[in-house]
Every structure is written in C-alpha cells, then in structure tokens.
1. Translational diffusion coefficient, Stokes-Einstein: compute it for region 43-84 using the Kirkwood radius over C-alpha pairs as Rh, at 10 °C and 1.306 mPa s, and state it as an integer in µm² s⁻¹.
2. So for Arg102, Arg188, what's the accessible-area order with a 1.4 Å probe, most first?
3. Can you pull the accessible area of Arg12 for me, 1.4 Å probe, Å² to the nearest 10?
4. Sorted by accessible area (1.4 Å probe), largest first, how do Ile156, Ile150 line up?
5. What's the ranking of 276-285, 300-309, 132-141, 163-172 by average number of surrounding C-beta atoms within 10 Å, highest first?
6. Provide the per residue accessible area, probe 1.4 Å, for region 260-374, rounded to a whole number of square angstrom.
7. In whole Å, what is the distance between the alpha-carbon centres of region 14-57 and region 129-180?
8. Can you send over the carbon and sulfur percentage of the accessible area for region 95-181, probe radius 1.4 Å, protein chains only?
Amino acid sequence: MVYITEDMVRRRAEHNECQISTLEEVSLHQQDIEKIEHIDKWCRDLRILYLQNNLIPKIENVGRLKKLQYLNLALNNIEVIENLEGCESLQKLDLTVNFVGRLSSVESLQSNIHLTELFLVGNPCTEFEGYRQYVVASLPQLKFLDGTEISRSERIRAAQGLKEVKRNVREQEREYLKRRAREKEEARDEKGNKERKPGSDGRWYTDINNTDPGSEENKENQERKEGTENPELDEEQQESEFWHTPCSFTPESRLEAHRHLEEKRKAKEKVNEKKPKTPRTLITADGRVMNVNEPKLDFSLTEDEENNTVVLDLAVYRHMDTSLMDVDVQPSYARVTVKGKIFQIVLPAEVRPDSSTAQRSQTTGHLVLTMPRAEGEIKVTKAVPRPPRKTQTSSPEDEKRNNNVPQRLEVDPSMRAAVDLANIVPKHQNTKQGPLETFSTASPPTTGPGSFSAGFVDDPDVPPLIPTHFTRGFNGVKKRQRQQEDPFYQTILTRSPVQRVHVDRVRAAVNRRTVLSRSRQPESNYCFFNYRLLLPFFFHIISQILRPPTIKEKY
C-alpha cells in the first residue's frame, strides 16, 4: 500500500522550490496511492490537484482546501461522490472511469455553487435511464456535463420531469447495489479459494478418522497421479490465462490486476538482481598464494638473467586510464587491480619490492613490472671501452701517454681569474702626513720654460685650472705649494672620469675633516664664513632702530 508522504509531495513540487506550504498545484498521478491524506494540512493554498490513475476508493481529507478549483480523480476506484462540501472554490471535477453507481450522491455537490464542469464518463451510473436529465436538474450551477454544454431548453425539460426521473433512478440504484453486493461476495470467495491450501494428505480436506495414511508407495503413486491430472502450466500459459479469462469490471478485479502486475515486476527485479559474489580466495589459510586472473588479461612472466630481474608484462587495455589501476608487489607475488578486478601471480623467485618499477607503454598500453631478485649475486654489466679521441696536433708520444696513464686536471691557485676589487686602484709607495691613506705617485712633471707658450707669464696669484674643491683651505702663495704636495693633485690627471668623481668625493670629505681640525688653530689663512655678507643686514637693523617713529606708530 502506497501512502502520500511529505517527501513525495516535495519531489512533485520542484516548480515551487520544493516548498509545500505555498504550493498551488501538485501532480500525484500514477503513484498507486490507495488513500488521500495529509494534503489538506500541508497544502492549504492548493488550487489544482491531480490524483488520476491511482487506487483511491474514497474521496476524503480534501474538505479544508478552500481554494481548490480543479480536482482530477479519474481512473480510480471511487463508488460514491462525497466529502466535497468544504471545497468552496471547486469549479471542475473529473471522475472519469470510476465505479460511481449511486447517482443520487451527485446531490452532495449542490453546495459547490462555483462548480461548472463535471465528468462522469465511464461510470456505471451513466448507463441509468434518465442519467443526464437527473444530473442537470439536480445541479443547476453546471454548464458542462461530460464535456457537453447544457442548454437552457435542456435545463427546463429536466426540471419538468424531475420527479419521475428520480423514481426511476432510485430503482436502478437498488438493482445496482444488489448486483454489486453479489460481485463482492464472489470476489471474496474466489480470494479465499486461492488462499486455501491442501491438507496433509494432499487433498483439500483432511480426514481425521483415517489414521492409516497408507504406505509410502501409495503416496508416491498419488503424487504422480496428481501431477498427471494437474500439470503445472508454464509462465506464459499462466499469463495468457490470467488476461484472457473473462471477469466483470469491478474495483476488486482492478486491484487484482494491479497486484498481478506488481508481482511480475518484483519477480523480474528479483531475477535481474545481481547476487553478491562470494569473495575470491587470494591467499589460503595455510599461507599459499593463489594465481588469479579476474580481468582475463594476457600476460607474460620472464626472468632476465642478464639484469637479474623478473619482468611481468600485463596486456592492459590500451585506452584505459592509469588511475584505474593499482599495483602491489610483494616478495613472493605481484597483484594488479584493474577496475576493481584482481590479477595475482606467484613469482618464481623472491624479489625486492622497494626496488621494483612499474611502467606503462604509451603505444600498446601494456603494464611492465620490473622486479629485481633478492637472492643470488647481482651481476654487473661490463663497460664497453671507448676509443680515445685524437686531435690533429697530438703527437704519437702524447697518444701513447694518454693510453697508458690517466690524465688529471690540476688547477694553480695563483692563476685565478677572479677580479680583486680591493686592488682596482694601484697604490703608491711614498707616504705623506695627513688623514688620508698614503698613495704612491710618480714625481710631478717638471714645468720648464719650454713647456709654455712664448707669451705665457706665470702669475703666482692666479689659481691653476683644476676643480675648485681642491683649492678649499688654500690662500695666497701657499696654494700652489699645497697643490703640488697634495697626492690627489699628482694623480688626478692619470685617472679615468669615473675615478676622478670618486676622488673628488673622497677629497671633499677629507677637506671637511681637515678644516675642522685646523679651525682650532689661530690661523688667518682659513676662513670658512664671510662676515662681510652680514654687514647689509646689520646696517638695516640699526637704521630701523634709529629712525624716528611715524604718526601711526605713535597713536
């Protein structure tokens, strides 16, 4: 028996984001439902409800659906129209191919004032004489009956002969109810006969007075006779007999057909159901390893005496992904799992699993396991001697020496080619007093009268053409002497522009240090601030102090 569950309704409410509280339309057809329940509590706002092609015998639990407009109950086992008075908004009711035999139950729809369409096609009540006239007269709000529009004249004629039509309908209902009661009894008896089983003696009854059941031979003869009299029909014959046996169309016969189909479906599922395979024995209880080839793959197991290894070539499917394979190498056996199927083989010798390798061919897809042996001496392959390379300038003696004595490369530490950054600038031998590091310079070039032009006059008061920062701290006649004694002045002309800039920076820093040390001595030659620049400023301040005040400043 199938019940309406919350999960079923939610699965049918995907269009409403699986929310059943605000659901307005739901389809529960072909679910083999045998009872209407929970719909009026879970879906109060329901407007359209499809329940066709089920096994519902009674209309119930829909009276709280005040907004329900369309109810489809076609192809069910409903016999009476009832419990629809609470559906105030009901406009369309479909009861096609049911078992409604009480036509008078249609009068229960008089309270549904919005009902405009009613379908009763395929019900026993449609065979009653005066069926349409009775329904049209009983339900004045109807506009369509069984898909046919009700005209005004038809409604007037139905109202005129309503009393006589009602009397005829009542009589036909009583006859139908009697026939229906007989059908129920026949169905009950048939069901009981099918469920009844033979007694202990193989008959439909057991004679308790017969204490002598007979010998075993009589039993065997009786069983043979019963087998010949009632031979078992095969499945196809039983199926054809079930469907070709005439029977009345009743709710019971419909349920029987449904159960028959359900049994066939379950039997088919049982046949198709795969039985769980017993686990294959890979290693016996006594520790013996078994050879297994579940994937049914071709393989070859060889021993490489040259490399002292055991090689297993497994013909794996070419286009199969390598992630679907698992390799397990043990000292005495190798196991390969291919898509859940196990290939296991016993090795002829003990191997080293930690040194084994697994490779797969990109062309054939074969899996090759190379497993070194753990026992015995590992053989080493002989190295092939290479012929010495000959050069054009080599002599026969050099070749003989090269063949007999191996050459070694020796590196002289004194011949390093690394650059010594500390000795980029050469140092000089002569030393001078001062804060700078001593530099060795060559003697300054002598300046004779021949080295100048004809009209040149050497004025000692004119400074030489060198950077001004080299003359800082020199005055008068001592400039030339100090410049000639300065080591920077001696080497500045022999250096590159980059080195000159570097020397300029060093010389400026040294001059600052020298000036600070000499400023403590009372020497007039070093003047680091020109006080004459402050005289205009002093004169301006004095004039502002001594000038007479103006009228605005007084008051």
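The values are calculated or read from the model by the stated rules, or taken from the named source; none is laboratory data. If you're wondering where the values come from, they're calculated on a predicted model, not measured in any experiment. FYI the Cβ positions are ideal-geometry reconstructions off the backbone, even for glycines, and counts take in every protein chain you see. The area values use the complete protein model at the heavy-atom level, side chains included, leaving out ligands, DNA and RNA. Shrake-Rupley method; radii C 1.70, N 1.55, O 1.52, S 1.80 Å.
1. The estimated diffusion coefficient comes to 147 µm²/s.
2. Result, largest first: Arg188, Arg102.
3. 80
4. Working: Ile156 90, Ile150 15 Å².
Descending order: Ile156, Ile150.
5. Final packing ranking: 132-141, 163-172, 300-309, 276-285.
6. Details: 7890 Å² over 115 residues.
Accessible area per residue, region 260-374: 69 Å².
7. Here the answer is 31 Å between Cα centres.
8. 49
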